[in-house]
Amino acid sequence: MATARNRAIDRIRREQTLARKTELLARAEQLPADEEAVIPDERLELIFACCHPALATEAQVALTLSLVGGLTTPEIARAFLLPEATLAQRLVRAKRKIRDAGIPLRVPPEHLLPDRLRTALATIYLVFNAGYGPPVRRELCGEAIRLAAVLATLMPDEAEAHGLHALLLLQDARRDARVSPGGELVLLDEQDRRLWDADEIEQGRRSLERAMAMRLPGPYQLQAAIASLHFDETTDWVQIALLYGRLAELNPSPVIELNRAVAVAMADGPEEGLELVDALPGLERYHLWHSTRAELLRRLGRDEEAAAAYTRALELAPSETERTFLRARLSTAMR
């Protein structure tokens, strides 16, 4: 009975703490952008605790996604474009190092928070991506946006914190338009703009303006700027391709280069884009690489090659929503 009573008291205290933090966050959202506010948040604190510099950056992110984000090993493996077994071993090694080296999982002093910011931002971004789907997991998207808002309030002088918050808002604004009522994936240029969330677009652009005013450009700001351009009545593909080029300089990645190739194809034609796609290394097991090739080949009238690429993308696609979309494209290419 004593144990039960103590647990009940602890639960009441946690609920009261959550209520206080929710109230603080609501107040913080009303603060001017230049007014500092420190908001305690247990999940955000745990993220910073997991981002210990003694661990490799990728291990920090993977561990935090597992312990804090609640993502499964297959979900984290997909986020890193790694085989599941490789990611599982990475998690085991990280946990073993924490145990053997006696690394304390505690919140670092305030002056050390900026040193762990990059990993914290990456973790929140990947949690959002895991929820963005398909299939959509609204609770993960909402939690990532909330954490990004808290982080931007906690560290108001960090441009990339505002950039990440802007990016997540702008991406989430299109959530309801990405999948049809029948569960089919809808490409950006085919989406019903009436389903886009105008309030989130406005909030995201305000956060982006705050970030850009600091004149410290970073990957999340660039991605947010690209996302913002997609909401314009006429898409400026030349500008988007340039932004992807700058993003690739700051954060070299074949996935970023794949997105740049798509923008180049839209700006200069499918032949230019396909040349860039075919030159990318290490994406043979990435379904979007194959589906991008397939779409460009289809646009060039190379239907047999397009069908083969769609078939391979279909084999690698991680969700039924994407497989349904690819089957429809494959059927079109084979006519």
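Derivation of every value follows stated rules applied to the coordinates shown; laboratory data play no part. Only a predicted model underlies this, so the values are computations on that prediction, with no experimental measurement involved. All Cβ positions, even for glycine, are placed from backbone atoms using ideal geometry, and neighbour counts span all protein chains on display.
The stretch between THR73 and GLU284, if pulled fully straight at 0.36 nm per residue, gains 73.9 nm over its current Cα-Cα span.
Spin-label model, GLN239 to SER180: label points 7 Å out along the Cα-to-beta-carbon direction sit 3.1 nm apart.
Taking every alpha-carbon pair under 8 Å whose residues sit at least 6 apart, the chain reaches a relative contact order of 11 percent. Rounded to the nearest 20 debye, the dipole size of region 130-181 about its Cα centre is 340 debye, using +1 on the Cβ of Lys and Arg and -1 on the Cβ of Asp and Glu. Normalised radius of gyration (Cα atoms, divided by 2.2 N^0.38 Å) for region 78-136: 1.41.
The tail of the calculated P(r) for region 164-281, taken as Cα-Cα distances beyond 19 Å, holds 52 percent of the pairs. Taking amide H as placed 1.01 Å from N in the peptide plane, the amide H of VAL179 sits under 5 Å from that of VAL186, each at least 5 places away or on another chain. Taken over the Cα atoms of region 45-103, the convex hull encloses 68 Å³ per residue.
Dipole of region 171-226 computed with +1 at Lys/Arg Cβ and -1 at Asp/Glu Cβ about the Cα centre; of LEU195, ILE226, ALA211, farthest Cα towards the positive end is ALA211.
In µm²/s, what is D for region 277-335 at 25 °C and 0.890 mPa s, where D = kT/(6 pi eta Rh) by Stokes-Einstein and Rh is the Kirkwood radius from Cα pairs? Translational D for this selection: 221 µm²/s. In the distance distribution for the chain, Cα-Cα pairs more than 25 Å apart total 57 percent. Helical content alone sets the calculated 222 nm signal of the chain at -22000 deg cm²/dmol, taking -39,500 (n - 2.57) per DSSP H segment of four or more residues and averaging over every residue. Here the 3J(HN,Hα) profile of region 213-227, calculated from phi with Karplus coefficients 6.51, -1.76 and 1.60 at θ = phi - 60°, is 5, 7, 6, 10, x, x, x, 6, 5, 5, 5, 5, 5, 5, 4 Hz, Gly and Pro shown as x.
Once Lys and Arg get +1 and Asp and Glu get -1 on their Cβ, which of LEU185, VAL136, ALA152 lies farthest toward the positive end of the dipole of region 133-192? Looking along the dipole axis, the top candidate is VAL136. For region 78-233, the Stokes-Einstein estimate of translational diffusion at 4 °C and a viscosity of 1.567 mPa s comes to 75 µm²/s, using the Kirkwood hydrodynamic radius over alpha-carbon pairs. Charges were assigned to the Cβ only: +1 to each Lys and Arg, -1 to each Asp and Glu. The resulting dipole of the chain about its Cα centre is roughly 1560 debye.
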